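Asks: First the structure, which I've put down as structure tokens, then a few questions once you've had a look.
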Protein chains: 2
Amino acid sequence: MTMCSNISGNKPHVIVIGAGGVGVIAALSLFHCNKTEVSLVVRSDYDHVKVHGYKISSCDYGDLEGWKPHHLYKNVEHAIKDDPKRFYQYVLVTTKNIPDGPFQSRVPEIIRPIMENNLTYHIDKKCNILLIQNGIEIESDILTTFNKTTYNYNILSGIQIIGSTKIDKGVINQQGHEHLSVGSFDSSDQDSILAAKNFISYYLNEGFNSIEFDERVRYSRWKKLLYNAAINTTTALVGLDVPRALEFGKDKKSTEFGIFRPAMKEIVRIAEAEGIILEDKFIDFFVNCTRDLLFKPSMCVDVQKHQLMEIEVILGNPIKLAKKYGVETPVLEMLYNLLILVQCKLKEEKGLIVFDEKISRLIDH
Amino acid sequence: MTMCSNISGNKPHVIVIGAGGVGVIAALSLFHCNKTEVSLVVRSDYDHVKVHGYKISSCDYGDLEGWKPHHLYKNVEHAIKDDPKRFYQYVLVTTKNIPDGPFQSRVPEIIRPIMENNLTYHIDKKCNILLIQNGIEIESDILTTFNKTTYNYNILSGIQIIGSTKIDKGVINQQGHEHLSVGSFDSSDQDSILAAKNFISYYLNEGFNSIEFDERVRYSRWKKLLYNAAINTTTALVGLDVPRALEFGKDKKSTEFGIFRPAMKEIVRIAEAEGIILEDKFIDFFVNCTRDLLFKPSMCVDVQKHQLMEIEVILGNPIKLAKKYGVETPVLEMLYNLLILVQCKLKEEKGLIVFDEKISRLIDH
């Protein structure tokens with residue numbers, strides 16, 4: 001199939017920040033639905049995509065060549081500068097969430113230009129921030145940075161299940177059907193719930209993608225953490241795909257029974273302390289769902305690409321909550337204590353931290 | 001200083017198997033002491049060393065160029081074939097001890113030609129096997145493979161503290177003073193104790209090296225495991241030197257208090273179950289002894305060189321003993337469960353195990 005640019009000034013605006021496998025397909029879904037005007041912040045690939053558009057091979061939408069959304073920007077400032085009077089009804093953040101990364105790439109700083117611009121020009125309109133990202137408690141940084149009443153926004157949760165990867169500059173390969181769950185972080189906020197449901201109407205392409213309203217965001221995020229806190233983390237430490245990590249265990253069992261399941265049970269107990277019951281069947285499901293897939297989870301890929309991992313939202317935050325609730329998490333803590341060393345190794349490579357070899361000490365900034 | 005070859009048929013024979021940083025300096029110490037005739041099994045560097053000898057830069061013995069012991073062999077079979085009637089009073093094994101490695105490179109198989117030859121030609125003489133290697137319970141494999149009465153041997157323990165590395169083909173750099181403790185694995189075996197003491201007289205070079213009799217081999221080995229089971233293992237997993245591993249911890253503390261000390265306390269409790277008391281001061285000592293040294297422990301170096309690690313003698317055996325005694329070792333087990341995955345990754349690289357990507361399964365041999 002082919003698609004042509006389709007600009008209409010009367011449609012509500014949506015901006016997608018982050019143009020990896022998730023972000024580009026999200027922009028494409030919105031564009032295809034044709035109810036919003038779609039801006040995409042592309043960053044590193046901007047110059048390439050501006051000229052050539054995207055080459056997308058999608059199991060949902062077919063093969064596209066030279067595809068572009070309505071607007072392309074190299075960063076959020078660029079989008080604001082291009083049209084400060086334009087109001088983004090939805091701000092989709094699909095970047096990695098790395099609160100321990102460089103200051104300017106933390107989520108509140110990424111969206112700050114939009115938030116401040118809204119304050120100047122659009123204070124009467126309510127903006128909806130939709131975080132399509134991993135982890136738990138990812139809304140907190142935004143809520144503490146931007147007063148909800150002053151900045152007049154809702155904050156929504158998006159959990160994406162999709163096998164989509166940027167395989168080259170401007171080239172996206174989507175192998176797994178897109179399934180997005182959208183809901184309100186605050187399950188008692190009716191306006192936010194309405195905004196989530198409204199978003200679904202902007203996004204659903206019957207017969208192409210799947211999107212559903214998520215009634216229990218916190219539950220869904222704990223559930224997804226079963227996989228990410230246990231399996232994503234372990235594969236990142238040992239540099240193996242999931243089937244190898246399982247099969248290479250002692251008697252082919254120690255990874256499953258000595259790491260994955262105990263780590264998952266700790267997540268179950270933290271969630272339980274919040275009154276959220278994760279059924280045992282999910283542990284079985286997540287242990288097995290990638291057993292036969294030669295698939296390296298995101299943190300494993302990050303380490304191999306020398307990119308920072310989302311360890312704080314995947315492990316740091318659950319462990320902080322566990323401490324608060326008095327839940328013991330020895331397995332998650334070991335994974336965390338080991339992974340922060342790998343994270344710091346990556347940070348040192350990037351010059352984000354400095355280790356002075358003369359005195360064998362980390363230099364505090 | 002220079003040394004010249006110094007052959008005497010009347011001296012007792014010693015064979016050193018393994019020509020890394022430890023083995024070559026052991027051969028040099030014996031040679032310098034001049035009370036034994038020294039054979040060295042060189043393996044990979046044989047052709048080079050046969051022609052050029054060793055280039056050694058030693059803090060104990062100075063700079064040597066073209067040094068050779070009395071005999072050089074490319075493997076143990078070669079030594080036996082060269083002179084089957086020669087009796088080796090001491091067999092020093094300084095190779096890595098990797099019982100999960102290839103069959104032919106396991107310690108009992110390495111020494112088998114000597115043991116079988118002794119049975120044929122020297123059954124009246126008692127041979128002394130001295131294992132200068134890391135880990136606990138390393139004597140067991142030999143004792144179960146070779147009946148002690150049939151094969152007529154003692155088994156001795158050597159713990160080497162030395163900063164010596166093979167930095168190139170035939171090039172050894174010894175930066176730390178050599179200190180060797182030698183004793184009998186069986187502390188009630190008087191003949192074995194005598195053999196250990198006798199070895200010291202063959203080895204000690206006053207003013208050059210240090211060697212002492214080890215009255216409590218098991219105690220010494222548990223003590224050294226405090227470092228190896230906790231620190232060596234962790235650095236191997238994260239690929240960092242010790243000061244970075246310490247400094248990169250959360251608040252510069254999580255490595256020391258979340259990994260190193262808890263792991264060491266587990267070793268203390270396993271040893272305690274055997275009636276061996278490791279004083280708390282050793283934990284402080286080992287946590288701090290390499291805090292300021294830009295030093296990567298052996299297992300960390302192994303991973304970076306894509307060589308198999310000594311995980312069974314350093315972690316596998318202590319954990320087995322802990323299970324036998326009913327001691328809980330959650331931290332050591334996590335390190336072990338993670339490191340066997342890295343070990344298997346190395347084994348797959350070497351073709352020692354086969355993972356079938358079509359069925360996502362490890363193929364059993």
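The values are calculated or read from the model by the stated rules, or taken from the named source; none is laboratory data. Keep in mind the model is a prediction, meaning the values are calculated, not measured. As a convention, Cβ positions derive from the backbone with ideal geometry for all residues, glycine included, and neighbour counts pool all protein chains shown. Ligands, DNA and RNA are excluded from the accessible area calculation, which covers all protein heavy atoms including side chains. Shrake-Rupley method; radii C 1.70, N 1.55, O 1.52, S 1.80 Å.
Asks: Within the range B:70-83, can one find any residue that is surrounded by fewer than 20 Cβ atoms within 10 Å (Cβ to Cβ), in contact with a helix residue (DSSP H, G or I) (Cβ under 8 Å, 6 or more places away or on another chain), under 25 Å from B:Glu310 (Cβ atoms) and β-branched (Val, Ile, Thr)?
Replies: No, the range B:70-83 contains no residue that is surrounded by fewer than 20 Cβ atoms within 10 Å (Cβ to Cβ), in contact with a helix residue (DSSP H, G or I) (Cβ under 8 Å, 6 or more places away or on another chain), under 25 Å from B:Glu310 (Cβ atoms) and β-branched (Val, Ile, Thr).
Asks: Scan the range A:194-242 for residues that are open to solvent by less than 20 Å² (accessible area, probe 1.4 Å), closer than 19 Å to A:Ile138 by Cα and not aliphatic (A, V, I, L, M) and report the count.
Replies: Residues that pass the stated criteria total 6.
Asks: Shifting gears a bit: Being of a type in the set (D, E, K, R) and open to solvent by 50 Å² or more (accessible area, probe 1.4 Å) is the filter; apply it to the range A:84-124 and report the residue that is nearest to A:Val301 (Cα to Cα).
Replies: The residue in question is A:Lys96.
Asks: If you don't mind, there's one more thing I want to ask. Can you confirm whether B:His70 is out of contact with any strand residue (DSSP E or B) (no Cβ under 6 Å at 6 or more places or on another chain) and at pLDDT 95 or above?
Replies: Taking the combined requirement at face value, the residue does not satisfy it.
Asks: For the range B:23-68, give me each residue that is farther than 17 Å from B:Thr165 by Cα and among the polar types (S, T, N, Q).
Replies: B:Asn34, B:Thr36, B:Ser39
Asks: A further question follows. Given the conditions (1) modelled with pLDDT under 95; (2) within 14 Å of chain B (Cβ to nearest Cβ), and given that A:Ser187 satisfies all but one, which numbered condition is not satisfied?
Replies: (2)
Asks: Kindly evaluate B:Ser220 against the criterion of being modelled with pLDDT of 95 or more and among the small types (Gly, Ala, Ser).
Replies: Yes; evaluated as a whole, the condition is true for this residue.
Asks: Now, a different point. What pairs come out if I take residues in the range A:273-297 that are away from chain B (no Cβ under 13 Å) and pair them with residues that are loosely packed, with under 13 Cβ neighbours inside 10 Å and assigned to a loop (DSSP other than H, G, I, E, B) whose C-beta lies under 9 Å away, six or more apart or interchain?
Replies: If the second residue must be loosely packed, with under 13 Cβ neighbours inside 10 Å and assigned to a loop (DSSP other than H, G, I, E, B), the pairs left are A:Ala273/A:Gly326.
Asks: Suppose the filter is modelled with pLDDT of 95 or more and crowded, with 23+ Cβ neighbours inside 10 Å; does B:Ile142 pass it?
Replies: Judged against the criteria, B:Ile142 is not a match.
Asks: Return the residues of the range B:145-154 that are open to solvent by less than 10 Å² (accessible area, probe 1.4 Å) and either touching a helix residue (DSSP H, G or I) at 6+ places or on another chain (Cβ under 7 Å) or not in a strand (DSSP E or B) (or both); say none if nothing qualifies.
Replies: B:Phe146, B:Asn154
Asks: All but one of (1) within 14 Å of chain A (Cβ to nearest Cβ); (2) crowded, with 23+ Cβ neighbours inside 10 Å; (3) not aliphatic (A, V, I, L, M) hold for B:Lys265; which doesn't?
Replies: The single condition B:Lys265 does not satisfy is (2).
Asks: Counting only residues that are in a loop (DSSP other than H, G, I, E, B) and β-branched (Val, Ile, Thr), how many does the range B:156-188 have?
Replies: Result for the range B:156-188: 1.
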